[in-house]
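Readers should treat all values here as calculations from the given coordinates under stated rules, not as data from a laboratory. For clarity, every value in this text was computed on a predicted model and none was experimentally measured. When we count neighbours, we look across all protein chains shown, and the Cβ atoms used for this are built from the backbone with ideal geometry, even at glycine.
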Amino acid sequence: MEPQSSLSPEQRADLVAYLDGELDHESAVAIERLLAASPEVRREAELLSRTFELLEELPHVATSKEFTARTLSAIKVNRIEKSGSGAVRLWSQPMRRAVVAAGSVCALVAAALVGYLSTNRWIPDRSEALIRDLPVIENVDKYAEVEDIAFLRALERSEMFNDSDRLPEF
Amino acid sequence: MIGPDLERYVAASDTSRIPYLRDPDVQLMLRAQQGDEAAFAELVQTYQDRLIGIFRHLLSDQDAAEDLAQEVFLRIYRARDRYQPTARFSTWLFRIANNLASNKRRSKGRRREVALNIHDSGPIGIQPQEKLIADKSAFMPTRQAAKSEMREVVRGALESLNERQKMALLLHKFEGMSYSDIGVSMDMSAAAVKSLLSRARDSLREKLARYVNGV
């Protein structure tokens, strides 16, 4: 292994930056003084430069022929997917509102229907009972004067009255 | 060719404050932002070899390098609507590349950790990169080393660097990026890049001493 030079880590970093053209003027002047004064630093700078040049020996990387086409196709697919999902989003917004509104109306109608049917079927209507008992109500005074139901039935059988005067069936 | 919208954009912008608008690749990206597919294809063609080259050296795997390069271009394409020319285009592209490479390294590192555990109790240990280089070097006297062998040694030396050193070195050497631009791409200060590159160059110099001393 190559022995380390007497440069401090900061000086070594400055030397590398100097070789890369990245050092500010003041620091560059300081490194140039060091280079002028020390053969060891000059040697160090030379080795660092050669090392950097050796990186050019790295194997050249060849891109596969289909890479460009494959990448542009992937981008095209991405664009189509994005525009497709955008259209769905734009389309689904009013659709969603319409479905919600229609659903609300249906629910309202269904609730009204159920309400109507349940009140009509299970809650007794008082007027129905009155209509059913109307013949009795209309003749209640007459019935009150009759003391015996058997007498009334006998009277009915005698056919002295019209059909309209018949006693209601109980 | 610059479209009328882009011309208006450039004219309306203060180019002294946004110097990157003069970067031709930034102009291509702005055209791509306005829906010019040909401009984006031109960017892909301009950067694909460079990007795959960097990834190939970082990952030592051609297929993985191409997959990652494609992912970089896809991310750039997806982000085009939000693109702002706040840096050179290449700086932005390599920032995305660095982030993706970091993620890839992390997942690869987790897999390697498992693999190392398997071999821990086995008779064949993992050979450190330096030992591999030394072994190769022992059979290759500097003056007689064939060019292909030299490439392998340099590649081995590069692989012995840590991932950040490698990335910074590749960006500097092959992309000619300044310390400041590397800092933006790697989310570091220019001073940290300087220190990173100095350590990388020292490490390479030690590993390649046999070759550079004899030249």
³J(HN,Hα), Karplus 6.51/-1.76/1.60, whole Hz, each residue of the range B:35-45, x for Gly, Pro: x, 7, 5, 5, 5, 5, 4, 5, 5, 4, 5
Listing B:THR46, A:THR119 from the residue with the fewest other Cβ atoms within 10 Å to the one with the most, what is the order? A:THR119, B:THR46
Determine ³J(HN,Hα), in whole Hz, for all residues of the range B:150-159 in sequence, where each value follows from phi through the Karplus function 6.51 cos²θ - 1.76 cosθ + 1.60 and θ = phi - 60°; x replaces Gly and Pro. 4, 4, 5, 5, 5, 4, x, 5, 5, 5
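Rounded to the nearest 0.05, what FRET efficiency do A:GLU159 and A:ALA110 give with R0 = 41 Å and r taken as the Cβ-Cβ distance? Could you check? Write out the running numbers ahead of the final one.
Numbers: r = 57 Å, r/R0 = 1.38.
Result of the calculation: an efficiency of 0.15.
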Vicinal HN-Hα couplings computed from phi for the range A:30-42 (Karplus, 6.51 cos²θ - 1.76 cosθ + 1.60; Hz; Gly/Pro x): 5, 5, 5, 5, 4, 5, 5, 8, 10, x, 5, 5, 5
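Just want the ordering: A:ILE75, A:ILE137, from fewest to most Cβ atoms lying within 10 Å of their own Cβ.
By the 10 Å Cβ count, ascending, the order reads A:ILE137, A:ILE75.
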Which GluC sites (Glu not before Pro) in the range A:105-154 sit in a loop by DSSP (not H, G, I, E or B) and have at most 13 other Cβ atoms within 10 Å of their own Cβ? A:GLU147
